[in-house]
Each structure stands twice: as C-alpha cells, then as structure tokens.
Amino acid sequence: MTTLLESLRDLLGPGNVLTGGDAAPHLVDWRQAAVGRALAVVRPADTDEVAEVVRRCLAHGVPIVPQGGNTGQVGGATPDDSGRAVVVLLSRLARIREIDAENDTITVEAGCVLQDVQRAARDARRLFPLTLGAEGSCTIGGNLATNAGGSQVLRYGNARALALGLEVVTAEGDVWHGLRALRKDNTGYDLRDLYIGSEGTLGIITAATLKLFALPAAQRTALVAVASLERAVTLLARCRAGFEAALTAFELISSESAKLVERAFPQQRLPFASGLAPWYVLLEISDSEGEDHARACFEQVLGAALDAGEIEDAAIAQSGAQSESFWLLRDSITLAIAQTGKCLKHDIAMPTSRVAGFVRTMGERLGQVCTGIRFVIFGHLGDGNLHYNLMKPDGASDEQFVASGAGIMRIVHDSVHAHAGTISAEQGVGQFRIGELLHYKDPVELSLMRRVKAALDPSGIMNPGKVLPG
Ligand SMILES: Cc1cc2nc3c(=O)[nH]c(=O)nc-3n(C[C@H](O)[C@H](O)[C@H](O)COP(=O)(O)OP(=O)(O)OC[C@H]3O[C@@H](n4cnc5c(N)ncnc54)[C@H](O)[C@@H]3O)c2cc1C
C-alpha cells in the first residue's frame, strides 16, 4: 500500500515535500518556545493541490498544521512532537488574483506576504491598511487566521474588518468558493467570520478578497513624551476629537522599551533628552488634504496639549525618513526583547479608560511578588491593547524566572479579567494560551466553540491542540 509520504511526493513532486533538515525551520516557532516534529512539510502550488493534500491526510487520519510566514507569537503554526502531522505551507499560493479599483477590492492568495499586498494596492493608487511589525514576512492567510491587529486598527479595524470574502479548503477537502466582493450580504450564517481568527483549526484559507481605501494625501507622525499613562489616555481623547478619522495610530512606548531598543540597536534613539518621561506615544495621522494641512493639524492639537500641561514635549517628524525612523523604533521593540533574554509576554486588552489603573496596581503587586522585575510595556493604546512584557530582574537566573512564570501570568490575567479585559487581544491562542482560555472563557461560549469545531472539522485533523485542547 502507498504510504502518505509517497502519495504526497507523487502529488506535489519530491521537491515540495520537505523532510529532515529542509523541514526544520518550519518546526520551530518564531519565539523558539515550541519545537515540534512532522511527517513532512509540504508546499502545494494552488487551491486544488491544497484540497487534495487535505483529502489524502484525512484518508490516513493524519493531522494538518497550516503555516504562513511562521511569525505567530503563540505557537499556532508549530506541530506537536508526535511526528505525525503534515505541515501545509501556503508560500507558493502567492498570486495577486485581481485588483478592482472601482469596487475598492483586491483578491489575493493566502501565501501573499502582507507587504506585497500593501505594495500591489499602492501601485493601483489604493491603500491596504493592515500594518504590523512582521509585515515583511507574515502572510495574508496567517493575518486572517489570527485576525491580526497591528497599528491602524483604531481607524480601519483588524484583519476581520478588512476581509469581504474567503476561499477555504474545508477540513474534509472541499473548496468553499466564498470570494465575494460585497459590502452587504445577509444570506445566512457568516462562515467567513468563523474561519477568520480560527488559527487553522477549522480549515485552510487559500485566498481572500480584501477592502481597499483611498491613499492619504499625506501621512505624518509625531513622538510625544508624557508624564503618566493617565496623561497618555487624556491625549488619546484629545487626538480623537482633534484629528477625528485622520488619526490612524496611537502607539504607546514605555521608556524601558525604548531603552531596550537603544541598547539592541544603538542607531535607533528617541528624539528627546534621555530620561525625559516614563512614557512616549507615537502618533500618526493620515491626512486627505496634504503635508501642510497635516503639519498644521499636528501643531494645533499638540500645541493645545502642551499649553494645557498634558504633555512634556513633542517631536513632529520633518520628513518621510524621520517618520520611518520613529516607526522603526516602535517596531523594533519585539526584536529587541527577543535579543535581550527571557520574557513573560502578555497580549492583553481592556477598555482604554481602565488601562492606567491596571498598570499602576499591577506594578505595585508584581514588584512585591518579584523584586526587581522589569516592565517592558508597549502596544496599541488606541485600542486598549498592551503588550505587557515582564523581564527578569538583574541577577536572577533564567530558570528561576521561568519557574515563577505561571504564577505571575495568573496574577496578570486575573487582574485583566477583573478590568473587563481579554487575555489575548490580537495574537490568538495557539498552543501557548489554551490553559488561559479554558480558565477565563465563559463556559457556554466554550461549549459553543467545541460544537463549531466538531461541526466543521468532524475528524479533528485541523491543527489539533491549538485554540482548544486536542
Ligand atoms: C515582529 C512581530 C510583530 C508583530 N506584530 C503584530 C501586531 O502588531 N499585531 C498582530 O496582530 N500580530 C502581530 N504579530 C503576530 C502576528 O499574528 C503574525 O505576525 C501574523 O499575523 C501571522 O501571520 P503568519 O503568516 O506568519 O502566520 P503563521 O505564524 O504561519 O500562522 C499563525 C496561525 O495561523 C494559522 N495559519 C497560517 N496560515 C493559514 C492559512 N492560510 N489558513 C488557515 N490557517 C493558517 C497557523 O496554523 C497558525 O495557527 C507580530 C509578530 C512579529 C514577529
């Protein structure tokens, strides 16, 4: 009898069925916190091949782990260590199928790198606004499967809000042709929204039709120093009122995060005297009139904030290059953490009105539990989303710190829950946050999730052990 491996080689060609050292980079997650094994890593060329791979795996009862750019932060694209799974790489499904500028839509395959989609839209004088630090390597399929957020959510919404239609290979190997380019379609249950954010546990997204927007006439950024988080939240309200829909990013950077970046990448520095403030905000406005209007808006709103004593200082980017350098500093925080050492990461969100109180009480509490713990806090404050990272005290061993991790995480997440928040704002659940999901999710909601999983993936082959226990 033909083995599954032989059958996949026969279908895809031997060069597209990776094993051994060729498969290794796909068996470890971005954070290097999970290492798995697999029967093979396969690279289908199109939707029909993906469907056939699923049917063949199903016939052998073999689990499937979809993988895009492998930049996820929760181990969702990494197989377990049984060596049974087949990892399905979407990288060869990388065609831009259609741009319909009049309908403001673009249809792309799942393996398209986010930056390439942004570029294709720009070439057509349109904007695809999803933007995040991993955009040079993450894929649209992965963005949709994790319902990625990023830094323009407060204006354009997260990945879900940007998707109009999907093409999906179901867990039974059928193809659902749902590439609708409609902004209105009330014809029953919304399957698109079930697959978005399902982290590969219900099916494989092979293509998507996405919304496009008008390109702004000018984009301007500013870095603002604030004396407290309360002040940052006050500034957010002022900016929302002053800039209205032109406000496209409101990112928080703690001084500790900026220091970490400066240490890891010495050419990247804040444009202020060191130690000026404990918090910084990176603001971006996308102006429909032009550069002069954008600058005048910034000067008016930030000038008023300065006069009111709400901010310590502000640096408005004087050029596109300076804007980019502000963004680079912000986007380098995750990389700087990865280079620095052990970190307990939390991707949390709560109403913005509760963020300052949460950070203050947690600071006091964790300072007592773990003397000298370092808080590396940054994130999308405009969405109430903090990357609440904790690094070990100087002198503590990695082992000690990691051993205290579960207790610390419980303290943080209990407080997030008490502040009406969520334990995963934008990165998903994957394999790292299942325990937390089970702990905090409403039991009725959990039971409905299990029934959705059983209905759409009756054999349980799609990414088992992710989102829900396997
Ligand atoms: C430096 C850095 C910055 C980041 N910043 C942000 C940020 O600001 N906001 C944010 O939301 N996230 C951020 N992330 C994490 C983010 O979720 C991922 O970067 C991205 O959305 C995942 O895309 P990917 O193609 O790498 O997916 P992968 O990592 O390959 O997969 C992620 C999950 O999706 C599933 N999957 C992948 N492709 C498919 C598919 N075609 N069909 C079905 N399931 C699939 C996988 O099985 C896995 O469960 C960041 C990551 C890094 C490294």
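Less than 14 Å Cβ to Cβ from ARG192, Lys/Arg counted +1 and Asp/Glu -1: what total charge do the surrounding residues give?
Taking every Cβ under 14 Å from that of ARG192, the sum is +1.
Return one number: the angle in degrees, 0 to 90 and rounded to the nearest 10, between the long axis of the Cα atoms of helix 229-243 and the longest principal axis of the Cα atoms of the chain.
80
So, in nm, how far is label ASP394 from label THR19 when the simple model puts each one 7 Å beyond its Cα toward the Cβ?
So the label points at ASP394 and THR19 sit 5.2 nm apart.
Between TRP176 and THR340, what is 0.36 nm times their sequence separation minus the Cα-Cα distance? Round to one decimal in nm.
54.6 nm
What is the helix-to-structure angle for 352-369, meaning the angle in degrees between its Cα long axis and the longest Cα principal axis of the chain, kept from 0 to 90 and rounded to the nearest 10?
In the chain, helix 352-369 runs at an angle near 90 degrees to the longest axis.
Express in Å², to the nearest 10, the accessible area of VAL301 obtained by rolling a 1.4 Å probe over the protein heavy atoms while all chains stay in place.
My reading of the accessible area for VAL301 is about 20 Å².
Ignoring ligands, DNA and RNA, how do THR361, THR206 rank by accessible area with a 1.4 Å probe, largest first?
Ranked list, largest accessible area first: THR361, THR206.
If exposed means no more than 13 neighbouring beta carbons inside 10 Å and the site is in a DSSP loop, what's the longest run of the chain without any exposed trypsin sites (Lys or Arg not before Pro)?
Result for the longest clean stretch: 270-470.
Given R₀ = 22 Å, what would the calculated FRET efficiency be for GLN267 paired with GLU299, taking r from the Cβ atoms and rounding to 0.05?
With a Förster radius of 22 Å, E is 0.20.
Once you list every other residue whose beta carbon is under 9 Å from the beta carbon of ARG374, what net charge do they have if Lys and Arg are +1 and Asp and Glu are -1?
-1
Let me check I've understood the local charge: for GLY290, count other residues with C-beta under 15 angstrom from its C-beta, Lys and Arg +1, Asp and Glu -1. What total comes out?
-3
Given a 1.4 angstrom probe, I'd like the percentage of the accessible area of segment 296-378 that is carbon and sulfur, rounded to a whole number.
On segment 296-378, the fraction of accessible area on carbon and sulfur atoms equals 50 percent.
Taking the Cα atoms only, what angle lies between the long axis of helix 320-331 and the longest principal axis of the chain, rounded to 10 degrees?
Rounded to the nearest ten degrees, it is 70.
Take the cross-link list LYS342/LYS441; LYS184/LYS453; LYS345/LYS392; LYS184/LYS211 and give me the ones stretching past 20 Å between alpha-carbons.
From the list (LYS342/LYS441; LYS184/LYS453; LYS345/LYS392; LYS184/LYS211), the Cα-Cα distance tops 20 Å for LYS342/LYS441; LYS184/LYS453.
Picking from ALA308, SER325, THR361, whose Cα lies most toward the positive end of the charge dipole for segment 276-369 (charges on Cβ: Lys, Arg +1; Asp, Glu -1)?
Value computed over the given set: THR361.
Set the Förster distance to 60 Å, then compute FRET efficiency between PHE375 and THR2 from the Cβ-Cβ distance, nearest 0.05.
Taking R0 as 60 Å, the efficiency between PHE375 and THR2 is 0.60.
Taking a spot 7 Å from the Cα of LEU11 along the direction of its beta carbon, which residues of segment 162-189 have an amide N less than 17 Å from it?
Counting backbone N atoms under 17 Å from the label point, the list is 168-176.
Taking only DSSP H segments of four or more residues, each worth -39500 (n - 2.57), what value at 222 nm results for the chain once the sum is divided by all its residues, to the nearest 500 deg cm²/dmol?
Per the formula, -11000 deg cm²/dmol.
Restricting everything to alpha-carbon atoms, can you work out Rg to Rh for segment 1-109 with a Kirkwood hydrodynamic radius?
Computed over Cα atoms, the ratio is 1.03.
Compute, for the chain, the length of the dipole vector about the Cα centre, with Cβ point charges of +1 (Lys, Arg) and -1 (Asp, Glu) only. Units Debye, rounded to 20.
Dipole size: approximately 700 debye.
Provide the per residue accessible area, probe 1.4 Å, for the chain, rounded to a whole number of square angstrom.
I get 42 Å² per residue for this part.
Just to be sure I understand: of the beta bridges DSSP finds with both ends in the chain, what percent are antiparallel, rounded to 5?
Here the share of antiparallel DSSP bridges comes out near 85 percent.
Accessible surface of VAL369 in the full protein assembly, 1.4 angstrom probe, to the nearest 10 Å²?
Counting only protein heavy atoms, VAL369 exposes about 80 Å² to solvent.
For segment 37-161, what relative contact order do you get, as a whole percent, if you take Cα pairs closer than 8 Å and at least 6 residues apart?
Computed value for segment 37-161: 22 percent relative contact order.
The values are calculated or read from the model by the stated rules, or taken from the named source; none is laboratory data. Keep in mind that what you see is a predicted model, and the values were worked out from it rather than measured. All Cβ positions, glycine included, derive from the backbone under ideal geometry; neighbour counts span all protein chains shown. The protein model used for the area step is the full one, side chains on, heavy atoms only, and it has no ligands, DNA or RNA in it. Shrake-Rupley method; radii C 1.70, N 1.55, O 1.52, S 1.80 Å.
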